[in-house]
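So the structure is just underneath, and the comments pick up after that.
The values are calculated or read from the model by the stated rules, or taken from the named source; none is laboratory data. Just so you know, these numbers come straight off a predicted model, no measurement behind them. With ideal geometry, Cβ positions are generated from the backbone for all residues, glycine too; neighbour counts draw on all protein chains shown. For accessibility, only protein heavy atoms count, side chains too; no ligands or nucleic acids. Shrake-Rupley method; radii C 1.70, N 1.55, O 1.52, S 1.80 Å.
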Amino acid sequence: MELADRAALRRVAGLSTELADITEVEYRQLRLERVVLVGVWTEGSARQSEASLAELALLAETAGSQVLEGLVQRRDRPDPATYIGSGKTAELRDIVIATGADTVICDGELSAGQLRQLEDRLKVKVIDRTALILDIFAQHARSKEGKAQVELAQLQYLLPRLRGWGDAMSRQAGGRAGGGNGGVGLRGPGETKLETDRRRIHKRIAKLRREIAGMATIRETKRSRRTANAVPSVAIVGYTNAGKSSLLNAITGAGVLVEDALFATLDPTTRRSATPDGRAYTLTDTVGFVRHLPHQLVDAFRSTLEEAAEADLLLHVVDGSDAIPEDQVKAVREVLGEIAEHRDAPMPPELLVVNKIDLAGADLALVTDDADGDAPARARSHALLRLRNLFPNAVLVSARTGEGVAALRERIAEELPRPNVVIEALVPYDRGELVARVHREGEVLAEEHTAEGTQLSARVHADLAGALAGFATNGSRA
């Protein structure tokens, strides 16, 4: 249903979305923004630069834009005035006029001065990669916590970039008699419109931080309840659109939203599952990461990301159909490193999962001569071999077809922490709830039904070992 709601406002080619009668609610026209992309290549290979711009195009399309053209400028560092330099800016202006674009999106974070210079020269709206990602988050946030986190990130981004817009935000005279903006009624200390806006934003940021801190307390309470019940937790992390939600659905049947788009799901989802040997654990889907994830988002979503930091195991999902999957792994580990540094504690152990292996090698098959008809199979075999060489300890799966999911469940069972107390106990038949708890929370090594009760040998957690202590036959040991 949520996926259908998102698709409901998409533009259908050849159909006008302009209302025929202006008396209907309001006069409006729904259309896609026409955008031109521009990036600065400062390091890495040309392939990485093109991949970054291609990812920016996907972000723009997810935000509801139509990409018309893309430019890359090779420089040692971005130009401090116009990001791409005056010559490239003039070339970009010609492309904007020729294509009829109304927005330019830069593949980097622009300063307030760069934004102002580019808008003055290009005569169209200019946004950067950070603003684009924040816009997508604002569209897709559904929960109260998610909306508050996105608003906090947007305000933190906006605060240093406030600037005047003509007479609507003109400064007052401040007691300057005869000044250009002074005169009767404008003398006195005054307060600029910019200062008023900054003060309001600071107050709103403080309020949002208090609200998010309260929500984090609620999340911590729920997490402590699971910890008290000794239920191991697994967190799914990974690059955006790597198939984290699809994997959650494949393992647990959760039925969460799945869409082939960047940052389709933001709000974490926790579901209960069990290992093949019957041990229960929780599986949490977290927000996706991306190259150069804005620091404002990392800061605002810190309480959500700490779900991953507090887990017993991380499932790091990688898109196996991506041309450069190793860059995805690097980007995700950088963000996880920031979280670990903030907590001053190491992250949980990581299990690498390469998803979408059913699509691996698809792009290579398209450009391969298919004289004998075996090109797709050869391309997929070559791609899988490369993935196994890149990630030798990873589990290769396809959440869509189910290939490798059973093997993943087995690996999760191996990696999850096991109960650390071995106990042998003779439990009377009138205490069957304790036997049920051992089966549910522990690991049964041996079980025998005798005349006096159930003879158990099991590995259990400390709290359950305490409950069984009165029926122990030879004590317990770690």
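Identify, please: which residue in the range 360-377 is surrounded by fewer than 18 Cβ atoms within 10 Å (Cβ to Cβ) and closer than 27 Å to ARG333 by Cα and is, among those, modelled with the highest pLDDT?
Taking the candidates together, the pick is ALA362.
Between residues in the range 244-255 that are outside any helix (DSSP H, G or I) and residues that are open to solvent by 40 Å² or more (accessible area, probe 1.4 Å) and modelled with pLDDT under 90, which pairs lie under 6 Å by C-beta distance while being six or more apart or on different chains?
Taking only residues 6 or more apart or on different chains, the pairs are ALA254/ARG271.
Here's a check for you: in the range 453-464, which residue that is of a type in the set (Gly, Ala, Ser) and open to solvent by 10 Å² or more (accessible area, probe 1.4 Å) is modelled with the lowest pLDDT?
ALA462
Would you confirm whether any residue within the range 169-191 is at pLDDT 70 or above and assigned to a helix (DSSP H, G or I)?
Checking the range 169-191: not a single residue is at pLDDT 70 or above and assigned to a helix (DSSP H, G or I).
Here are GLU259, GLU211, GLU306: which of them is more than 11 Å from the chain's Cα centre (by Cα), assigned to a loop (DSSP other than H, G, I, E, B) and under 30 Å from ALA131 (Cβ atoms)?
After ruling out the rest, the residue left standing is GLU259.
Is there any pair linking a residue in the range 32-52 that is modelled with pLDDT under 85 to one that is basic (Lys, Arg), with Cβ under 8 Å and at least six apart or on different chains, and which?
Qualifying pairs under 8 Å: LEU32/ARG11.
Here is a list of conditions, (1) open to solvent by less than 10 Å² (accessible area, probe 1.4 Å); (2) assigned to a helix (DSSP H, G or I), and LYS330 meets all of them except one; can you say which number that is?
That leaves (1) as the condition not met.
Filter the range 52-85 for residues that are within 14 Å of ILE324 (Cα to Cα) and open to solvent by 30 Å² or more (accessible area, probe 1.4 Å) and give the result.
ALA54
Here are some conditions: (1) surrounded by 15 or more Cβ atoms within 10 Å (Cβ to Cβ); (2) free of Cβ contacts under 8 Å to residues at least 40 places away in the same chain; (3) part of a strand (DSSP E or B). LEU434 meets all but one. Which one does it not meet?
It fails just one condition, (3).
For the range 415-426, what are the residues that are open to solvent by 60 Å² or more (accessible area, probe 1.4 Å), more than 14 Å from LEU352 (Cα to Cα) and either among the charged types (D, E, K, R) or assigned to a strand (DSSP E or B) (or both)?
Result: ARG418, single match.
May I ask you to verify whether ARG411 is under 26 Å from PRO348 (Cβ atoms), in contact (Cβ under 8 Å) with a residue 40 or more places away in the chain, open to solvent by 20 Å² or more (accessible area, probe 1.4 Å) and assigned to a strand (DSSP E or B)?
No; evaluated as a whole, the condition is false for this residue.
Could you tell me whether ARG380 is within 30 Å of PRO325 (Cβ to Cβ), out of contact with any Leu (no Cβ under 8 Å at 6 or more places or on another chain) and at pLDDT below 85?
Here the answer is yes, as ARG380 does meet what is asked.
Of everything in the range 198-243, what is basic (Lys, Arg) and either modelled with pLDDT of 90 or more or surrounded by fewer than 16 Cβ atoms within 10 Å (Cβ to Cβ) (or both)? Give them in sequence order.
ARG198, ARG199, ARG200, LYS203, ARG204, LYS207, ARG209, ARG210, LYS222, ARG225
Anything in the range 264-291 that is in a loop (DSSP other than H, G, I, E, B), under 19 Å from ALA242 (Cα atoms) and modelled with pLDDT of 80 or more? List them, or say none.
If the condition is that a residue be in a loop (DSSP other than H, G, I, E, B), under 19 Å from ALA242 (Cα atoms) and modelled with pLDDT of 80 or more, then THR286, VAL287, GLY288, VAL290, ARG291 are the ones that fit.
Give me a count of the residues in the range 308-327 that are modelled with pLDDT under 85 and surrounded by fewer than 21 Cβ atoms within 10 Å (Cβ to Cβ).
3
Scan (1) farther than 15 Å from VAL405 by Cβ; (2) open to solvent by 10 Å² or more (accessible area, probe 1.4 Å); (3) of a type outside the set (Gly, Ala, Ser) for the single condition THR252 breaks and write down its number.
All conditions are met except number (1).
Kindly provide the set of residues from the range 104-154 that are more than 19 Å from the chain's Cα centre (by Cα) and surrounded by fewer than 18 Cβ atoms within 10 Å (Cβ to Cβ), ordered by number.
Selection gives SER111, ALA112, GLY113, ARG116, GLU119, ASP120, ARG121, LYS123, LYS125.
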